[in-house]
1. On alpha carbon coordinates alone, what is the Rg over Rh value for the range 147-226, Rh being the Kirkwood radius?
2. With +1 on each Lys and Arg Cβ and -1 on each Asp and Glu Cβ, and nothing else charged, work out how big the dipole of the range 89-150 is about its Cα centre, in Debye to the nearest 20.
3. Given the -39500 (n - 2.57) contribution per DSSP H run of 4+ residues, what per-residue ellipticity at 222 nm results for the chain, rounded to the nearest 500 deg cm²/dmol?
4. Which whole-angstrom value gives the distance between the alpha carbon centres of the range 219-241 and the range 146-171?
5. Starting from 0 in steps of 5 Å, tell me what percent of the Cα-Cα pairs of the range 102-170 lands in each bin.
6. With all pairs of different alpha carbon atoms counted, what Kirkwood hydrodynamic radius in Å does the range 1-146 show?
7. Please find, in a Gaussian network model of the chain (springs between Cα atoms separated by less than 10 Å), the residue of Glu207, Glu55, Glu70 whose mean-square fluctuation is greatest.
8. Could you work out the mean projected area of the convex hull around the alpha carbons of the chain, in square nanometres to one decimal?
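Read-outs throughout are calculated quantities, based only on the coordinates presented, and are distinct from any laboratory measurement. Quantities reported herein were computed from a predicted structural model and do not represent experimental measurements. Don't worry about glycine lacking a Cβ; one is built from the backbone with ideal geometry, like all the others, and counts go over all protein chains shown.
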Amino acid sequence: MTDTTAVCRRLVGRTAVVTGAGSGIGLATVRRLAAEGAHVVCADVDEASGKAAAEEADGLFVRTDVTDAEQVEALFKAAFDTYGSVDIAFNNAGISPPEDDSILETGLDAWRRVQEVNLTSVYLCCKAAIPYMRRQGKGSIINTASFVARMGAATSQISYTASKGGVLAMSRELGVQFAREGIRVNALCPGPVNTPLLQELFAKDPERAARRLVHIPAGRFAEPTEVAAAVAFLASDDSSFVNATDFLVDGGLTGAYVTPL
Ligand SMILES: NC(=O)c1ccc[n+]([C@@H]2O[C@H](COP(=O)([O-])OP(=O)(O)OC[C@H]3O[C@@H](n4cnc5c(N)ncnc54)[C@H](O)[C@@H]3O)[C@@H](O)[C@H]2O)c1
């Protein structure tokens, strides 16, 4: 597993904007990018956790609702004004509320809310980040999608799945459109991640956990630090020829038919 105390320093002097910075994958990534030397701008709608992340990383907190165009523009402007560049955008904030369920049960309000936070936000963040990156002739955008954009689940969260499929298609198209201007855009597809929410859910219902774990060749869920390590790779010049991909960090889940006993 990744030890952030012993990482390389590939991002010294780069400016990274991370949305959903206060928790889970975002927080682990804030820590990793800072450990690699980046100036990290932490965006979250939750002020307390976002601020705490920024303090830990010795970075900047900008309270941002990623569904609000003006707030998103102000976020990237604050990054540029404070540190002089926008080199990395990790557009990661997302929700999966219980009202988003089977298509038979999910109402239009829940559908729209999830599309706004998971997909429209990525459109807004890319739209705000790309002009800075074009001026620099350089930049790496990583948009968080999910393995559910690549596989079907009988335990549906229909708007979530559709939103993440949108993130894949949008990231691919942007990666192709801006490739000759030095900008790379990749979608990150994590498998299930070992977060407090998931732990709580599965502690209550072991069968629910077993039903999912059986599909993962690795036999366990990802740790947030393992996803953060992939983001750091995609953010760095080590991935200079990796563009417009669905970058899977899923322990082999989407490649599996029969898993080891
Ligand atoms: N956890 C998993 O198993 C998993 C798997 C695949 C993909 N993902 C995706 O990874 C991303 C991060 O997931 P996580 O598990 O770390 O989630 P999390 O709930 O731990 O963190 C999400 C963060 O986003 C913030 N946020 C929510 N709405 C926001 C808004 N409107 N504006 C700004 N910030 C907002 C929250 O306050 C929170 O800090 C999401 O896009 C999620 O869909 C998660």
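1. 1.07
2. Roughly 700 debye, rounded to the nearest 20.
3. Numbers: 9 runs with 110 residues, N = 261.
-13000 deg cm²/dmol, from helical runs alone.
4. 20 Å
5. P(r) over the range 102-170, rounded to whole percents: 3, 17, 23, 20, 16, 9, 6, 4, 2, 0.
6. Kirkwood hydrodynamic radius for the range 1-146: 15.5 Å.
7. Answer for the Gaussian network model of the chain: Glu207.
8. For the chain, averaging the hull's shadow over all directions gives 13.8 nm².
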